[in-house]
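Okay, so here's the structure we're looking at.
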Amino acid sequence: MSDGDKPDRVFKTAWFAKAARKAHINDIELCEAIAEVMLGQADDLGGGVFKKRLNKNMHRSIVLAKGGRYWFFAYLYAKKDRSNIGDDELRDFRVLAKSYATLTGGQLARLLVDGDLMEICHGE
């Protein structure tokens, strides 16, 4: 957990949820992975973008951070299909991370209600 009185919250995008389901990656594994990211056990790509290995190293996830308190699983790919994301994709993820950093509580709640985001861990 981060410093302060509020626990870390972890979300996955609707797109990521579908991809994770197809890859047989469950929320428990995602929550465990975020705990490792918080301990520095991920590749920090800068600008609030992290790459974390999942599914016994068969998949890579792109995780976006909002001030170390909110974490968003945004993208998933199989290691066998591609070695890494491109520079243009990294730039886009950095922009998205910055955008998530400006979300208000109300905007976050709206994304949850609309199904664009799903919360998977809350201080666990």
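The values are calculated or read from the model by the stated rules, or taken from the named source; none is laboratory data. Since this is a predicted model, take the numbers as computed values, not measurements. Cβ atoms come from the backbone with ideal geometry, glycine included; neighbour counts cover every protein chain shown. For the accessible areas, the whole protein counts, side chains as well, though only heavy atoms, and no ligand, DNA or RNA atoms are used. Shrake-Rupley method; radii C 1.70, N 1.55, O 1.52, S 1.80 Å.
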- Taking the Cα centre of the chain as the origin, how large is its charge dipole in debye, to the nearest 20, when only Lys and Arg (+1) and Asp and Glu (-1) carry charge on their Cβ atoms? 380
- Query: So who's got an amide H within less than 5 Å of the one on F11, skipping anything under 5 residues away but keeping other chains? H placed 1.01 Å off N, in plane.
  - Reply: W71, F72, F73, I120
- Query: Does the chain come out rounded, prolate or oblate, given a ≥ b ≥ c as the square roots of the eigenvalues of its C-alpha gyration tensor, rounded meaning a/c under 1.5 and, failing that, prolate meaning a/b above b/c?
  - Reply: rounded
- Task: With a ≥ b ≥ c taken as the square roots of the eigenvalues of the C-alpha gyration tensor of the range 57-124, please select rounded if a/c is under 1.5 and otherwise prolate if a/b is larger than b/c or oblate if it is not?
- Result: prolate
- Accessible area of the chain belonging to carbon and sulfur atoms, whole % at 1.4 Å probe: 51
- Task: For the range 97-114, just list the computed ³J(HN,Hα) in residue order, Karplus coefficients 6.51, -1.76 and 1.60, θ = phi - 60°, integers in Hz, with x standing in for Gly and Pro.
- Result: 4, 5, 5, 4, 5, 9, 4, 8, x, x, 5, 4, 4, 5, 4, 5, 4, 6
- Accessible area of the chain divided out per residue, in Å², using a probe of 1.4 angstrom: 57
- Query: How large is ³J(HN,Hα), in whole Hz, for each residue of the range 8-22 in order, when computed from phi with the Karplus curve 6.51 cos²θ - 1.76 cosθ + 1.60 and θ = phi - 60°, using x for Gly and Pro?
  - Reply: 5, 10, 10, 10, 10, 6, 4, 4, 4, 4, 5, 5, 5, 4, 4
- Result: in the range 1-117 the number of Lys pairs with C-alpha under 18 Å apart, spaced 8 or more or on different chains, is 22
